[in-house]
Amino acid sequence: MNAVIEMETRYGAQNYQPLPVVLIRGRGVYVWDQNGNRYMDMMSAYSSVSHGHCHPRLVNVLTEQAQRLAIVSRAFYTDRLGAFLKRACELTGQDRALPMNTGAEAVETAIKAARKWAYTVKGVAPERAEIIVCRGNFHGRTTTLISLSSEPQYRYGFGPLTPGFKAIDYGDAEALENAITPATAAFLVEPIQGEAGIVLPPAGYLRSCQSICRKHQVLLICDEVQTGLGRTGKLLACNHENVRPDGLVLGKALGGGLLPVSLFLASHDVMSVFTPGDHGSTFGGNPLAAAVGLEALNVLIEERLAERSAELGAYMLGRLQRLESPLIKSIRGKGLFIGLEIHPAKASAREICVRLMEKGLLSKETHTTVVRLAPPLVITRDQIDEAVSIIGEVLH
Ligand SMILES: Cc1ncc(COP(=O)(O)O)c(C=O)c1O
């Protein structure tokens, strides 16, 4: 076995099962292994590397800020955080933002905000607030977030789990209306379910959910950790249906592919439930993360990454749909967020990923049947052609 893989396997917990490739360098859409082999990255660290690997503008901001001031905690103000939060609020149409680091932390923040809002604004009886979630969701791996997961493996052995969640089928707006009670604080939903295998709800779903939530005084919270920031062809996936959620969770690409940066954004009345000491994070909102986060948003707009995702995603989806491989069960997606579902009787998605790797293309299976294709949004049409021809070779 490769010595580097052996060492990681020997000393690391076995909570991942990486493909057997050791990456040492990245630039744009490409990454390189120890032996100098080049691969196309069609996974982008689960959509975190939308700007491409080591984007020069982001690397510059990171290194300049690292040499000036990096971490001071939120015990003090810095000259970086306000500008980042302002830009994020303006772009997303939200009033206020609370910075965290990982996506899971920002979702936890959303849950805390929704519960406190339910008690202090809506008037739900103490300890009774309920949050509705969807089956097949993925919101993170903390003990609370696995409590609202429907995936047995994520939950098994980690109880006792956190109460206060109710699950309904994804894509079914009527189920949402039926599940709401006077104790319902919020509906937490991904506009497209990413980890479930790039699952798109019926058209108009999110819009119906918004009107149901408004009618019943329930907060609509969209987890756009994966779908946000251009991935699906609009700045936010909510924008496809002109939905403005009461709470919005961003992460992954917000760190420009360099750092963990996440935000919970919300309207004034939701965010004002937090008072000093209610919530926080030593690292959340640090000047290094704020500087990189702001530049990540600026690059996203200036390089028109959402528009590129819409145009090139449609192009890629069309090319993939013309492959006509017996191994393909279905292909679906929006923007550069595409799921290639493999016929389980013919091959596993993991086998396909290994074969793709051997031909110079990296991706990762989600569950056992779907190969995810979510390249950096800076990918070019020629590079998409290159990727599709590798995929075509593997699937024939
Ligand atoms: C929709 C969604 N929410 C939350 C998370 C958790 O983010 P993190 O891994 O940064 O905690 C993910 C990660 O895949 C995600 O896809």
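Computed values, structure above
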item	result
With Cα atoms, 0 to 90° folded angle of helix 81-92 axis to the chain main axis	80
Most mobile of P191, P276, P163 in a GNM of the chain (Cα contacts under 10 Å)	P276
Amide proton proximity set for I168, modelled H, under 5 Å, gap of 5+	V133, C134, R135
Cut-off 20 Å, label 7 Å out along Cα→Cβ of T63, residues of the range 240-282 by amide N	255-260
Angle between the chain longest axis and helix 349-358 axis [Cα atoms, degrees, rounded to 10]	50
Overall Cα dimensions of the range 146-245 - principal axes, largest extent first, Å	39, 32, 19
10 Å binning of all Cα-Cα separations within the range 56-302, expressed as whole percents from 0 upward	8, 32, 36, 19, 5, 0
Angle between the chain longest axis and helix 205-215 axis [Cα atoms, degrees, rounded to 10]	10
Amide proton proximity set for H53, modelled H, under 5 Å, gap of 5+	R27, G28, V29, Y30
Proximal lysines to K166, defined as alpha-carbon separation beneath 24 angstrom and excluding residues fewer than eight positions away on the same chain	K112, K116, K122, K215
Relative contact order [Cα under 8 Å, 6+ residues apart], the range 32-133, whole percent	9
Excluding exposed DSSP-loop GluC sites (Glu not before Pro) (at most 11 other C-beta within 10 Å), longest clean stretch of the chain	128-323
Estimated inter-spin distance, T380 and E90, nm [label 7 Å along Cα→Cβ]	3.2
Against the rule of thumb 2.2 N^0.38 Å, how large the Cα Rg of the range 19-178 comes out	1.36
Contact order relative to length of the range 56-302, as percent, for alpha carbon pairs under 8 angstrom and 6 or more apart	31
In Hz, Karplus ³J(HN,Hα) per residue of the range 128-144 (6.51, -1.76, 1.60; θ = phi - 60°; x = Gly, Pro)	9, 4, 10, 10, 8, 10, 10, 4, x, 5, 9, 10, x, 10, 6, 5, 5
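We did not get these values from a lab; they are worked out from the coordinates using the rules stated. Small disclaimer: the values here were computed from a predicted structure and weren't measured. Quick reminder, even Gly has a Cβ in these numbers, built from the backbone with ideal geometry, and neighbours come from all protein chains shown.
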